[in-house]
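Every read-out reported here was derived from the displayed coordinates using simple, explicitly stated rules and does not represent laboratory data. In this text the structure is predicted, and so the values were computed from the model without any measurement. With ideal geometry, Cβ positions are generated from the backbone for all residues, glycine too; neighbour counts draw on all protein chains shown.
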Amino acid sequence: MSTATKPAEEYVAKDYKSDLKPIWCPGCGDFGVVTAIYRALAAIGRPPHEIAFVSGIGCSSRIPGYTTAYGFNSVHGRALPIAQGIKLARPDLLVLVAGGDGDGFSIGGGHVAHAVRRNLDLTYIVMDNQIYGLTKGQLSPTSPRGRKTVSSAFGSLEDPVNPLLYVLGYGAGFVAQGTPAEMDGLAAVIEEGIRYPGFAFVNVQSPCVTYGEPESQLKAQKAILQSLEELGHDPSNRLRAMELAQEYGRKLYTGIFYRNPSPPQTYEGAARERHAELRGKGLPKHRILEMFIPH
Ligand SMILES: Cc1ncc(C[n+]2csc(CCOP(=O)(O)OP(=O)(O)O)c2C)c(N)n1
Ligand code: SF4
Ligand SMILES: [Mg+2]
């Protein structure tokens, strides 16, 4: 990867497209997601060597490989802790995190709450296809009740996790949703998430055309799609955002549910201040660093 830079406005989507050819199934929604990410990164205009892209494991988690940036296709459910470590060590980098609904809300579910409350400046994109795609179609935490899969032959008996309410409930400062059925809107919410100075969450309804159900496919999604902006939703109204988020699974609201109008200090900002304060009091550097390791 070249470290040559150019003015921010000269970056274009293809600057972020890697040479690796995606091996997703033809028609997989994740193709649209990676294209939207290229477009969002071009709008931001940071050079690829100033971007770190971390994922877990799953079809969706292949996405850093298809992006020109530093990438880490890491361990199932562990993308967020790794991304937090990178951001803490190198706060100057633009850090993106991505993965699937299984990666984020089953095996990695415990990490989401802590990443939200810790509030490092990361953008977390979940490709929510309501299924475990990579392992060939088992029930995921966002699969709807009644969904028949290879691991629920007679239909799921569980209600799904609601990813939007989950992160809103823990106090995320930026929460949005998009779909590759509406590419401009998807690229815009990813860009807004990157610009938000704190933890930003973007849920993407990204269909699995091989193991998903017809209602999750792009054409069917269009029938239940509703833009939050057209609805007149005020994204600074958190309680209203939570009401709208309850429609997850019934309506497909796109756009920004919530953006904190007064973003609080980030963890890395607070850590830098505390570090300087303790250094001023004469504490040795290694003792101070130990205190900031997220656990
Ligand atoms: C520790 C561990 N447990 C289980 C697996 C098997 N595994 C790989 S991907 C995956 C689920 C993928 O589903 P999701 O995160 O929704 O991604 P998708 O493939 O749908 O994009 C599972 C269970 C693994 N790789 N590592
Ligand atoms: S199995 Fe599903 S999620 Fe995985 S690449 Fe194929 S369509 Fe996409
Ligand atoms: Mg999935």
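A few remarks follow.
- Mean residue ellipticity, 222 nm, helices only, the chain: the sum of -39500 (n - 2.57) across DSSP H runs of n ≥ 4, divided by residue count and rounded to 500, is -9000 deg cm²/dmol.
- Within the range 75-178, percent of DSSP bridges classed antiparallel, to nearest 5: 25
- Net dipole in debye of the range 1-96 [+1 Lys, Arg Cβ; -1 Asp, Glu Cβ; about Cα centre; nearest 20]: 180
- Of the peptides 199-208, 174-183, 218-227, the ranking by mean beta-carbon count within 10 Å, highest at the top, reads 199-208, 174-183, 218-227.
- Charge dipole of the range 249-295 about the Cα centre (unit charges at C-beta), most positive-ward option of Gln265, Met291, Tyr253: Tyr253
- Each Lys or Arg adds one and each Asp or Glu subtracts one; over the other residues with Cβ under 14 Å from the Cβ of Ala13, this totals -1.
- Our analysis of the chain gives Rg over Rh at 0.97, with the two radii drawn from alpha carbon positions and Rh computed by the Kirkwood formula.
- Note on the range 147-295: lysine pairs with Cα distance below 22 Å, sequence gap of 8 or more or different chains, count 4.
- With the simple model of a label 7 Å out from the Cα in the direction of the Cβ, Lys136 to Asp234 spans 5.3 nm.
- What you get for the range 225-268, charging only the Cβ of Lys and Arg (+1) and of Asp and Glu (-1), is a dipole of about 120 debye around the Cα centre.
- Within the chain, percent of DSSP bridges classed antiparallel, to nearest 5: 20
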